[in-house]
1. Looking at the range 24-32, can you tell me whether even one residue there is over 15 Å from the mean Cα position of the chain (by Cα), part of a strand (DSSP E or B) and either at pLDDT below 95 or of a type in the set (Gly, Ala, Ser) (or both)?
2. Condition first: farther than 23 Å from Asp136 by Cα and of a type in the set (Asp, Glu). Can you find one or more residues in the range 53-64 that meet it?
3. Checking Ala53 against (1) among the hydrophobic types (A, V, I, L, M, F, W, C); (2) free of Cβ contacts under 8 Å to residues at least 12 places away in the same chain; (3) over 16 Å from Gly85 (Cβ atoms), only one condition comes out false. Which one?
4. How many residues, within the range 103-123, are touching a Gly at 6+ places or on another chain (Cβ under 7 Å), in contact (Cβ under 8 Å) with a residue 40 or more places away in the chain and surrounded by fewer than 16 Cβ atoms within 10 Å (Cβ to Cβ)?
5. Which residue is farthest from Leu60 (Cα to Cα), if the candidates are limited to the range 1-29 and must be free of Cβ contacts under 8 Å to residues at least 40 places away in the same chain and surrounded by 14 or more Cβ atoms within 10 Å (Cβ to Cβ)?
Amino acid sequence: MKRCAICKSTKLRQIEEKHAITVHLRGGPLRIVVAGVPALECGSCGEGFFEGADLENADLFAAAELANRGIQEGAVFRFMRKAVGLRGADVANLLNVREATISRWENDHDPVDLAAWAALAAIVSEKLAGQTTTMDRLRASKTPREATGPVRLRFTHA
């Protein structure tokens, strides 16, 4: 962004802002504040702007915190799913369940399956770390590769 969307000034400067996220749990809303999110502030009118990718990363940080707290509610499952950019149909396909099952979990009609919750929490943590191991393994399980000969591996010390 080169100009302020409000006053059209070019006096923009980099700042860090807080981004507040509310997740509606069964016991009431949980407010998560992510500090240090990069933003632009207009030096003329004072308006602040976030880049979409920075807000997505803030959501990912919040999803990882929810996963670390072990909150296994439908709203958290939905928030984690959206934070990693997956549709309900995508998660259903990865976890080998029906889309309606994902909907029942997310709307607290059925308890979220612990293994499904753990897999999604791992996907969140890995995306934050720039990895895709769990996602790759879930996708590979859809089309397993048969061994055509001996499998040879070399053990190395870390």
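1. yes
2. Yes.
3. For Ala53, the exception is condition (3).
4. 1
5. So, considering only residues that are free of Cβ contacts under 8 Å to residues at least 40 places away in the same chain and surrounded by 14 or more Cβ atoms within 10 Å (Cβ to Cβ), the one farthest from Leu60 (Cα to Cα) is Leu12.
The values are calculated or read from the model by the stated rules, or taken from the named source; none is laboratory data. Predicted model only: the values in this text are computed from it and were never measured. Reconstructed Cβ throughout: ideal geometry from the backbone, glycine too, with neighbour counts over all protein chains shown.
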